[in-house]
Amino acid sequence: MNDHPFARFIRPLGRGKRARRDLDREEARQAFAMILAGEVGAEQLGAFLMLLRVKEETAEEVAGMTEAARERLSASPPPPTGAIDWPSYAGKRRRAPWFVLAQCLLAANGHAVLCHGRDGGDPERVYTQAVYRALGLPVAETLEGAVSALHEQGLCYLDLAALDPALDRLFTLRPLLGLRSPVNTIARMLNPLRLPSLQGIFHPGFAAIHQQAAALLGDRLIVFRGEGGEGEIRPDSETTLFAHRQGLEEITWPPLLTRRLPRPAQWQIRVLRDLWRGEAEDPYGEAAVLSTAAVALCALDDTLDHSGALEQAHRWWQQRDREHFSASFEQ
């Protein structure tokens with residue numbers, strides 16, 4: 001009996017400590033293309049994902065799998081100049097999603113933001129699509145619709161299921177397997193419009209993998225361990241930025257706050273609107289917005305340093321349209 005065509009991708013991963021090897025970029029691309037096309041069995045899929053998880057995916061494997069996912073995306077009109085890709089797959093639990101206000105700040109000043117993600121189904125977390133809808137920010141149903149929203153309104157949220165239902169379905173394996181899989185990395189690396197990208201992750205060990213994969217793909221990127229795993233700087237602690245701009249860089253981003261501030265016992269989405277409108281003060285929230293916006297500016301422009309980017313973010317914050325969000329809010 002002949003082996004299944006997909007077995008040639010499982011075999012090198014599962015041969016044991018001494019005989020196993022990583023997949024090369026083309027092998028990873030072909031393997032993930034078969035997975036997304038539904039050409040593998042459930043047993044094969046579970047084995048493949050968990051063997052990669054145990055050894056941890058390499059930058060070449062991530063680059064190959066990302067290429068396979070990108071090949072399936074529909075064509076779209078060109079995005080606005082100066083736009084940025086901002087994946088959001090973790091959801092927020094301990095602190096409010098201040099990064100959404102950083103996105104609004106960039107969008108209001110000529111840097112459109114494509115935010116893509118999914119609802120992870122954790123009732124203790126608030127996911128970004130819900131935040132966009134509560135604040136009245138645009139949510140698109142297609143990639144073409146998202147590009148139109150970027151041109152017209154400066155930012156947009158697009159769910160992963162709208163980009164690729166097959167890739168989205170792979171996330172549903174998380175409760176069955178009990179572990180994250182490379183799908184978490186691939187979704188963040190998807191970058192459907194090939195823009196400069198700002199990525200937040202939870203596990204710091206994966207930052208260098210994202211960075212090196214971006215270099216292989218020719219992507220411009222800054223990735224860091226963000227608050228709650230989202231693309232949001234923690235303004236009360238030092239952050240290491242792993243960048244690929246003109247080359248590979250590690251940048252130390254100093255804290256904006258001089259001391260750690262306690263987390264709120266609970267929060268609601270309306271705190272974002274209240275801070276933007278100047279109806280409430282939140283030193284941590286404002287510092288998170290400014291720090292995150294400044295890092296995004298550095299992803300877009302490598303001539304900016306920490307102080308220059310932060311100065312720009314401060315200026316934009318002081319000049320923001322405080323009436324941008326409606327005074328009425330039901331959340």
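The values are calculated or read from the model by the stated rules, or taken from the named source; none is laboratory data. Everything numeric in this text was worked out from a predicted model, so none of it was measured. FYI the Cβ positions are ideal-geometry reconstructions off the backbone, even for glycines, and counts take in every protein chain you see.
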(message) Looking at G38 and the list (1) in a helix (DSSP H, G or I); (2) of a type outside the set (A, V, I, L, M, F, W, C); (3) at positive phi, which single condition is not satisfied?
(response) (1)
(request) Could you grab me the full set of residues in segment 160-194 that are part of a loop (DSSP other than H, G, I, E, B), crowded, with 18+ Cβ neighbours inside 10 Å and at pLDDT 95 or above? (result) D164, L190, N191, P192, L193
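Would you confirm whether or not segment 231-253 contains a residue that is acidic (D, E) and crowded, with 20+ Cβ neighbours inside 10 Å? Reasoning before the result, please.
Step one: of segment 231-253, the residues acidic (D, E) are 232, 236, 238, 249-250.
The next check asks that each one be crowded, with 20+ Cβ neighbours inside 10 Å; those that pass are 232.
Looking for residues that are acidic (D, E) and crowded, with 20+ Cβ neighbours inside 10 Å, one finds at least one in segment 231-253, hence yes.
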(request) Sort through A313, A299 and tell me the only one that's under 22 Å from G200 (Cα atoms), in contact with a strand residue (DSSP E or B) (Cβ under 9 Å, 6 or more places away or on another chain) and of a type in the set (G, A, S). (result) A299
(request) Taking the residues in segment 238-297 that are farther than 15 Å from L221 by Cα and of a type in the set (S, T, N, Q) as candidates, determine which candidate is farthest from the chain's Cα centre (by Cα). (result) T258
(request) Collect the residues in segment 271-309 that are touching a Gly at 6+ places or on another chain (Cβ under 7 Å) and farther than 10 Å from W98 by Cα, keeping them in residue-number order. (result) L300
(message) Just checking, does segment 50-73 include any residue being closer than 26 Å to L177 by Cα, touching a His at 6+ places or on another chain (Cβ under 9 Å) and at pLDDT 95 or above?
(response) yes
